[in-house]
Amino acid sequence: MNHIHCMLPPAINQRVAIFSDIGTIRYIGQVAGYSGQWLGVEWDNPTRGKHDGSKDNIRYFACKAGGNPASFIRPSAANLSYGRPFIEALIGKYVDATEDMKGTEKVILGSSAGAIEVEAPRLASVRHRLANIERLRIVSLDGQEVNGQGDDGAIANRSLQIEALDLSRNLLSGWDQVMRILQQLPRLKSLSLNDNRLTFVEEEICQFQGIGKLEELQLNNTSLSVAEVYVLGCVFPLLKHLEIGSCGFESLEWPSKEPAFVRLETLNLASNKISSWASLLRATRALITLQSLILADNAIAEIPWPDKSDLDPSASSLQHLSLIQNQIHAWGSIDAMSAWLPKLRNLSIQETPLVEENAGDARALMIARLPVLSIWNGSSVSLSERRDSELFYLSSVAKSSISGDVRIKDHPRWPVLCSQHGTPEAERPSGPDNLNSRLMELYVQLLTAPPPRDCTAASLTSDKPVATTIKVLPSMTLKTLQIKALKAIKITPGRSTTAVKLYAILHAPPSDSGHPSKHVVVREMDMDADGRKEIDFWLENGSGVGILIE
């Protein structure tokens, strides 16, 4: 991309870029000891800066972020860009085709980090077919240095039909510039503004209240305040999906009781600093249509029991909750969660202390504690798995040392489940209705090489000649079995670099003479295709589970 220099004098709060580094002009003027004019820039990436707006004990400007994110540059510095208008950026990406229409181009696959290069024949002709920009429905101008609409009406004159637009990481300085672009895109339903720093003047923004048909808005890493988010909820009354992750929020306390986001269905608050579950849930009560709440990578460690005023089942329509990478560590938080969210059907709670410390049993115990849960960590819960999980939970409670009122306090689902399945007895003999009689005993063996389909058990290559035995419910999913089996052999694979394969090791049929065979039949269990199937699809009591870590 060619770097463009501004034809007008630079202005305070104007956004600028030098290659991939984007910043905001906070100061224009002289710097003591140096001649000429300087720009004081606060960079989005604080490691790009050298100070906090002061130099040689003289303060020239203040930064909004902490640390030393600022530096001084000349207005005509090499590679300094002040951006370009929307239409120019659109044409630059989707129309300009400098390649030979009949030739080929070398294309680096975006997900390969430059490692994979392929030939793309007639790619230029594909670009040419996109030259009629009026027909584009989905447009990404991420990182294209857009600084505004350009001339008045420049976008409207094109009669664009854009329905989804990505303006992340651009040089837009304020929300007024965003609104003027939106005014000229009447079909727009989805807008991404991630990684921008937009000056927010409420009086200017409210002039555009109710414009367009916007239903989805992404504002991750935009340094907005909660009060500013609330105003946007009033300006865009049709919003259904909102992402405001990585904005530094510690809470979500709305500045007014007047309703905003009256149609919101999904709220993504990932990677903030929220620690209080109770105050957050009370804030979301105002979002009466909310169905999905994403709280991944926050600071929630405990879910307290709700007050009486929080127990109105009609007050919450939430059905999907993500608590991935939070600090939930106690089972009481799961019991309290059920009271807060009686309609919760889909829970994601990976990478929390509670799940990691109870890897083999966490799924069953959470299913039992959450009465309408139908999806746990992306895997469906069948009716048979629910029954087995509830029986397992009852058995676990019965074997504990607590009883009476303390038991009911610590396990509020105990009376309800006992009425459904009967009161368990920890020492009851095995029988057809006893959970112990339903458990499958499997042995787990760590393999060092892919096994042949037909072989002897002794020929399976393993670093550990003695297999580990585990007991599992037949309704357990393959994904859950993998977690339990790895824990049993004390293996913790890397999350991003390690591939784990599971093999079913089955006894071969008896020989013609009726003698037991020393051979086993080995089949790979396909985690991608069948990870949600119950394990009795492959295994029976006494089977083996081979684990190969690549």
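At-a-glance table
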quantity: Förster radius 41 Å - calculated FRET efficiency between His329 and Asp142 (Cβ-Cβ, nearest 0.05); calculated: 0.60
quantity: Average accessible area per residue (Å²) across segment 237-324 - probe 1.4 Å, nucleic acids and ligands excluded; calculated: 46
quantity: Rounded to whole Hz, the Karplus (6.51, -1.76, 1.60) HN-Hα couplings of segment 368-379, x for glycine and proline; calculated: 5, 7, 10, x, 10, 5, 10, 9, 10, 6, x, 10
quantity: Most to least accessible of Ile328, Ile91 (protein chains only, probe 1.4 Å); calculated: Ile91, Ile328
quantity: Two-decimal log10 I(q)/I(0) for segment 249-295, as the Debye equation yields it once each C-alpha is a single scatterer, q = 0.14 Å⁻¹; calculated: -0.31
quantity: Overall form of segment 213-322 per C-alpha gyration tensor (a/c, 1.5; a/b vs b/c); calculated: oblate
quantity: Karplus-derived HN-Hα couplings along segment 467-474 (A = 6.51, B = -1.76, C = 1.60, θ = phi - 60°), whole Hz, x at Gly and Pro; calculated: 6, 9, 9, 10, 10, 9, 7, x
quantity: Over 28 Å (Cα to Cα) - which of Lys64/Lys273; Lys55/Lys273; Lys50/Lys93 fall in this group; calculated: Lys55/Lys273; Lys50/Lys93
quantity: Over segment 314-401 - Rg/Rh using Cα atoms and the Kirkwood inverse-distance radius; calculated: 0.95
quantity: Cα→Cβ-extended label distance, 7 Å offset, between Phe19 and Cys418, nm; calculated: 6.9
quantity: Length released on extending from Lys240 to Asp96, taking residue separation times 0.36 nm less the Cα-Cα span; calculated: 48.3 nm
quantity: nm² value of the averaged projected area, convex hull over the Cα atoms of segment 26-101; calculated: 7.5
quantity: Label-point separation in nm, Ala11 to Ala227, each point 7 Å along Cα→Cβ; calculated: 2.4
quantity: Where Asp310, Asp195 fall by accessible area, highest first, once all protein chains stay in place (1.4 Å); calculated: Asp195, Asp310
quantity: Nearest-10 value in Å² for the accessible area of Phe19, using the 1.4 Å probe; calculated: 130
quantity: Nearest-10 value in Å² for the accessible area of His519, using the 1.4 Å probe; calculated: 80
quantity: Solvent-free Debye scattering, log10 I(q)/I(0), computed from the Cα coordinates of segment 141-182 at q = 0.30 Å⁻¹; calculated: -1.25
quantity: Separation between Cα centres of segment 335-366 and segment 5-38, rounded to whole Å; calculated: 51
quantity: Separation of the Ala499 and Asn45 label points, Cα + 7 Å toward Cβ, nm; calculated: 3.3
quantity: Efficiency of FRET between Ser256 and Gln161 - r from beta-carbon atoms, R0 56 angstrom, step 0.05; calculated: 0.95
quantity: Modelled FRET efficiency - R0 51 Å, Gln183 with Ser379, Cβ distances, 0.05 increments; calculated: 0.70
quantity: Alpha-carbon centroid distance for the pair segment 43-75 / segment 370-426, whole angstrom; calculated: 58
quantity: Residues with amide H under 5 Å from that of Val545, placed H, sequence gap 5 or more; calculated: Tyr443, Val444, Gln445, Ile505
quantity: Beta bridges by DSSP in segment 257-400, antiparallel share as percent, to the nearest 5; calculated: 15
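The values are calculated or read from the model by the stated rules, or taken from the named source; none is laboratory data. Computed from a predicted structure; not experimentally measured. Because the Cβ atoms are built from the backbone with ideal geometry, glycine has one as well, and the counts that use them run over all protein chains shown. In case anyone asks, the SASA skips ligands and DNA or RNA and just uses the protein heavy atoms, side chains included. Shrake-Rupley method; radii C 1.70, N 1.55, O 1.52, S 1.80 Å.
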